[in-house]
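Readers should treat all values here as calculations from the given coordinates under stated rules, not as data from a laboratory. Here the structure is a predicted model, which is why all the values come from computation and not from measurement. Virtual Cβ from ideal backbone geometry, glycine too; neighbours counted across all protein chains shown.
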Amino acid sequence: MSDTPIDSSKRTWIITSACAGAVGGVATAVPFVSSFQPSEKAKAAGAPVEVDISALKPGEKVTAEWRGKPVWIMKRTPEQVAELPSLDGQLADPQSQRKPGELTPVYARNEHRSIKPEILVVVGICTHLGCSPVDRFQAGPQPSLPSDWHGGFLCPCHGSTFDLAGRVFKNKPAPDNLEVPPHKYLSETKLLIGEDKA
């Protein structure tokens with residue numbers, strides 16, 4: 001070892017350079033590592049969505065967004081609910097037996113496909129090619145609809161029709177009923193879409 005003293009200005013310069021290099025390395029590594037974490041937007045996209053339905057009147061529908069999909073919440077009139085069983089013979093899957101775990105949770109495998117008979121909760125995307133059907137709630141003959149139309153949804157792209165429970169009619173391009181997303185009631189007027197565990 002040499003007994004030559006180290007110039008203090010060189011020592012300061014070496015320490016400063018080493019510290020700057022370390023800070024630069026950390027500054028480069030943090031964004032790189034954090035890029036592997038899902039963004040806040042991505043986390044929010046899959047998060048459950050709370051919807052207040054207190055202002056929803058019979059015959060009205062509101063749309064919420066969950067996972068980038070439109071979710072329709074409709075309050076059916078007592079007459080609309082009562083009429084659902086009469087359509088079974090015209091429907092491709094009236095009891096929601098096809099893909100039951102995928103499209104219809106256990107609690108919605110009933111005539112009205114819902115937890116509460118008057119409240120319909122479905123994903124507003126046609127099961128044919130992913131188009132968005134339009135409301136055709138008024139009963140009676142209309143363009144692109146049968147003369148005995150009872151009200152429901154029409155996919156204008158290819159003509160698939162769905163009743164007010166989101167069930168597809170026979171001989172239509174859509175192979176399945178509209179999807180019922182996982183959901184539960186937080187109160188009489190608040191729905192949580194995207195989660196159904198107690």
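A few comments on the model shown:
- The calculated FRET efficiency for D88 paired with A47, based on their beta-carbon distance and R0 = 25 Å, is about 0.10.
- Applying 0.36 nm per residue to the separation of K61 and H158 and subtracting their alpha-carbon distance, the gain on full extension is 32.6 nm.
- Listed pairs K57/K170; K170/K190; K69/K99; K99/K190; K172/K197 exceeding 26 Å between Cα atoms: K57/K170; K170/K190; K99/K190; K172/K197
- In terms of other Cβ atoms within 10 Å, C157, C126, C131 run from fewest to most in the order C157, C131, C126.
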